[in-house]
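Reviewing the structure listed below.
The values are calculated or read from the model by the stated rules, or taken from the named source; none is laboratory data. Worth saying up front: this structure is predicted, and the values here are computed from it rather than measured. For neighbour counting, all protein chains shown are included, and Cβ atoms are generated from backbone atoms with ideal geometry for every residue, glycine included. Remember, those area values only see protein heavy atoms, side chains included, never the ligands or the DNA or RNA. Shrake-Rupley method; radii C 1.70, N 1.55, O 1.52, S 1.80 Å.
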Amino acid sequence: MSLIKLENVSKYYKSGEGVSVGMKNISLEFHNNEFIVVTGESGSGKSTLLNVISGIDTYEDGEMYILGEETSHFTAKDWENYRSKYVGFIFQNYNIIDSYTVYENVILALEIQNYPKKLRKKRALELIEKVGLLSHKNHKAAKLSGGQKQRVAIARALAKDTPIIIADEPTGNLDSESSDQIIKLLKEVSSDRLVVLVTHDPLIAKSTGTRLIKLHDGEVIEDKVLVKKEETEVKEIDTAKTSYFTLMRFALRNILSMPKRLIFFTLLQITIITVFILTYISMMQTAENINFSFSMGGNDSSLFDFNTQFMSDQRMYVTRKDGKDLTATDYAYFDSLNGDHYVYKNILNIDENKNLILQNESNYVLYDIMIDTTFAVGNRVQFVEGNMPVNPYDILVSEGMDLKIGDKVKVNQRVADIYSSYLVRNGDYWSIPGVNIGSNQVLNYYVYTNYGVEFIDYNIIYPFDPLHYGMNPDDINNVEVLYMDAEFAPMELIVTGIFKDNYRQAIYINHNTYENLDYGNSFMIQTTSKIELQRIYNQIDRSIYRIISPKLEDSALSSLVAPLIFLFRLFFYIIVLVIGVFLYFILYSVTKNIMHARKKDFAIFRTIGATQKQLGWVVIFEQFFMMNMAFIASVILTQIISIYNFNINTMIRTLTYIDYIILFITFTYLSTRLAQKFNKKTFKLSIIENITESKEEMS
Ligand code: ADP
Ligand code: MG
């Protein structure tokens, strides 16, 4: 039985208005063992014939049989299968991958065929030796001469050990010495398979094959058997399915085979991903804050000057509606509420600005912390060491504060208080009515008046001297106090815990610690989640207590401003989206050019027998690897930047590992989308179109 049989096969090319004939009514039979030389002038249909019999191009009329099987009903998959099991190619333009080494080019064919792993290397090296390139095995193909490239192509075609070898003018671009070598090699391998060689070198045509076929205008004008040979058994090669692991290796090799491209592309992606991450965080924060300032409009929270950026949705403040200070009874009440929470005394009144001064034992000021109403940690207490304050005088400090567990610190409060009051004359002395100047916790007051700053020791009533200010004492009986600073006696505290702080330096102090101070009129309730917070919120008796919980009160107000909030949020999401699309577009255009330049490589992969599906996966893996390498690099890069830049630090630290997972999934999705898009584009063309296009671009 013939290996290939053509029965009145015709192939036409539609070009512009006209139709040109590739081949016309060709009927031929090719047997195993034959060495067929095809000649004819340029345009006579030699390449067309070869492309058709090797299954890289289709035919219109007639029927082609492979081992007796009709092929007119073949699907793309059947052709892929045929190519990978039967055909080895050698083209005039040395169809090898320039960025690969000689060895990589040859082993590729064996890998695609899934040749037994253990034998691959040996076989590849044998063939490289056979074509005389062993000394060049690690040279990049791009650096080889034409003859050497062609020998690589032959080694690769032979590596697969297919029953058919097709060679389309393999010596067309070679000097006569190289050309002789190639023909010699082909002769050698023709002993047990079908070789079809196209040449228009009359010398080769006369002396090489076992049969000579001459074409003219797409028709056979001569078919002459030169040497009669016994037909032998056709031995098909085994092709096992290539594993995904192998495809991943292809992808990695492709990436690494072009280091310059890799570096350029990775840098680009790092830039894009970093810009996107930063845009994402800053836009989300802006959206969040805008939303929040709306909710400040008409509820309890608006009474206080919250720094919204530091507000947590796992925390709320409680005060008494009757204005009295909170007591141990109140504490017990809040503590007993159901839910995972921790109640502690808010050190200071929540509607004032305070300073808290941390000193070491020799009164050296370590930290002078400006505290606002939400002075403590960001989203949740994440302990580095230790736990919540248990004993009086326990203090938790944030990670960045350069204190360790067991350190003793003094806390010194200085409180700025708006005090609409007067220094009132009382004989030679002046006092401030209503100020419990005798409190043994208060060290000093600094009283600010129109005349300057006055210092009041807590147990001395200040001898205000109007003469000092050039005033007649008899003319003046009281002086307006603009505001006062109260300085409290320092307390000795012991660091018992260190936590991660999302934003800045902060401390937690046990609620008992400041009980004695009789200062501060609110509790802070810290929970483990917003749901817990809601749960506790619902249990609190609101006829007695006022709850300040801006994040929860969002919902109370939402009916009013919800549409507006929604619009604003939408606006920021859209900005993120637009920027995302813009960045994606940049990435897309760059990738497009790169993929375009690789069209030839893909065509080669396919002629060797890789299926579209396999190649599709290779491209997906390539994009995936590159994207994620860039993603990891971006994460590391932003972390490094955040060590040196506080603003970036604040932004980056709001990202939790869940955000990173979301970003990872997003980028993975994007990379696969990108890959699929290119797959569609690249594989829309048939192999022959791919080859022709890349040839045109090369010449
Ligand atoms: P050869 O290899 O013998 O030089 P070809 O098989 O390449 O000849 O071409 C045979 C005929 O088909 C020529 O007339 C050529 O112009 C035409 N042809 C080949 N490929 C195409 C194509 N892709 N589009 C249009 N015409 C083509
Ligand atoms: Mg040709």
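Points worth noting:
- Residue list for the range 174-215, restricted to those being within 16 Å of ligand 1 (Cβ to nearest atom) and surrounded by 14 or more Cβ atoms within 10 Å (Cβ to Cβ): Val196, Leu197, Val198, Thr199, His200, Asp201, Ile204, Ala205, Leu212, Ile213, Lys214, Leu215
- Total residues in the range 80-102, condition within 16 Å of ligand 2 (Cβ to nearest atom), hydroxyl-bearing (Ser, Thr, Tyr) and more than 21 Å from Leu125 (Cβ to Cβ): 0
- The set of residues in the range 163-173 that are assigned to a strand (DSSP E or B), within 16 Å of ligand 1 (Cβ to nearest atom) and open to solvent by less than 10 Å² (accessible area, probe 1.4 Å) comprises Ile166, Ala167.
- Restricting the range 172-201 to residues that are at pLDDT below 90 and within 13 Å of ligand 2 (Cβ to nearest atom), the residue that is farthest from His31 (Cα to Cα) is Asn173.
- Scanning the range 12-34 for residues that are among the β-branched types (Val, Ile, Thr), within 16 Å of ligand 2 (Cβ to nearest atom) and surrounded by fewer than 22 Cβ atoms within 10 Å (Cβ to Cβ) gives a single hit, Val21.
- Filter result for Met64 (away from ligand 2 (no atom under 16 Å from the Cβ), open to solvent by less than 20 Å² (accessible area, probe 1.4 Å) and part of a strand (DSSP E or B)): yes
- One residue stands out among those in the range 2-50 that are within 12 Å of ligand 1 (Cβ to nearest atom) and basic (Lys, Arg): the one that is modelled with the lowest pLDDT, which is Lys14.
- Filter pass, Ile97 being at pLDDT 90 or above, away from ligand 1 (no atom under 16 Å from the Cβ) and within 11 Å of Arg156 (Cβ to Cβ): yes
- Answer from Ser671, Ser694 - the residue that is at pLDDT below 75, part of a helix (DSSP H, G or I) and of a type in the set (Gly, Ala, Ser): Ser694
- Matching option when the condition is in contact (Cβ under 8 Å) with a residue 24 or more places away in the chain and within 16 Å of ligand 2 (Cβ to nearest atom), among Val9, Val37: Val37
- Elements of type strands (runs of 3 or more DSSP E) in the range 297-409, at least 2 residues being at pLDDT below 55: 365-371
- Among the residues listed as Lys118, Lys149, Lys122, the single one being open to solvent by 30 Å² or more (accessible area, probe 1.4 Å), in contact with a Phe, Trp or Tyr (Cβ under 8 Å, 6 or more places away or on another chain) and in a helix (DSSP H, G or I): Lys149
- Tabulated pairs, the range 80-95, first part of a loop (DSSP other than H, G, I, E, B), second within 14 Å of ligand 2 (Cβ to nearest atom) and open to solvent by less than 30 Å² (accessible area, probe 1.4 Å), C-beta under 6 angstrom, 6+ apart or interchain: Phe91/Asp168; Gln92/Asp168; Gln92/Glu169
- Residues that are open to solvent by 50 Å² or more (accessible area, probe 1.4 Å) and polar (S, T, N, Q), drawn from the range 244-279: Thr271
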